[in-house]
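The values are calculated or read from the model by the stated rules, or taken from the named source; none is laboratory data. Keep in mind that what you see is a predicted model, and the values were worked out from it rather than measured. Positions of Cβ are backbone-derived with ideal geometry, glycine not excepted, and every protein chain shown enters the neighbour counts. For accessibility, only protein heavy atoms count, side chains too; no ligands or nucleic acids. Shrake-Rupley method; radii C 1.70, N 1.55, O 1.52, S 1.80 Å.
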Amino acid sequence: ELWISLEEHQDALELIMSKYRQQMLQLLQGRKAEDAEPVLKVHQASSLEIESQIDRICEMGEVMRKAIQVDDDQFFKVQQKLAQLELENKELRELLSISKESFEVGREDLPD
């Protein structure tokens, strides 16, 4: 009878301990979710901020690309105009030298 009573007592203790472990596990899981929630909110806020900064950086990169394209176009236009002016200057100098030569030849032909 004592043996049977001891086994019943042990079964009752095991049942109580299993219920205790189950409740503690639920409590810890609930607490973990509560503990993780503020960290998760901070992480989400940080992620949103980083995402907005990445968007701004991409927008600035696009503006820089457009500015570079405009600068390159302007540079090529200036280079083209400079080459055109240099060619025109060279041709004008040739015309001037021809004009000077003809003027000098004309002066030589005139009697003193």
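Would you check if residue 53 is open to solvent by 100 Å² or more (accessible area, probe 1.4 Å) and in a helix (DSSP H, G or I)? So residue 53 does not fit the description; no.
Condition check ((1) at pLDDT below 95; (2) open to solvent by less than 100 Å² (accessible area, probe 1.4 Å); (3) among the hydrophobic types (A, V, I, L, M, F, W, C); (4) touching a Ser or Thr at 6+ places or on another chain (Cβ under 8 Å)) across all residues:
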residue: 86; (1), (2), (3), (4): no, no, no, no
residue: 90; (1), (2), (3), (4): no, no, no, no
residue: 99; (1), (2), (3), (4): yes, yes, no, no
residue: 104; (1), (2), (3), (4): yes, no, no, no
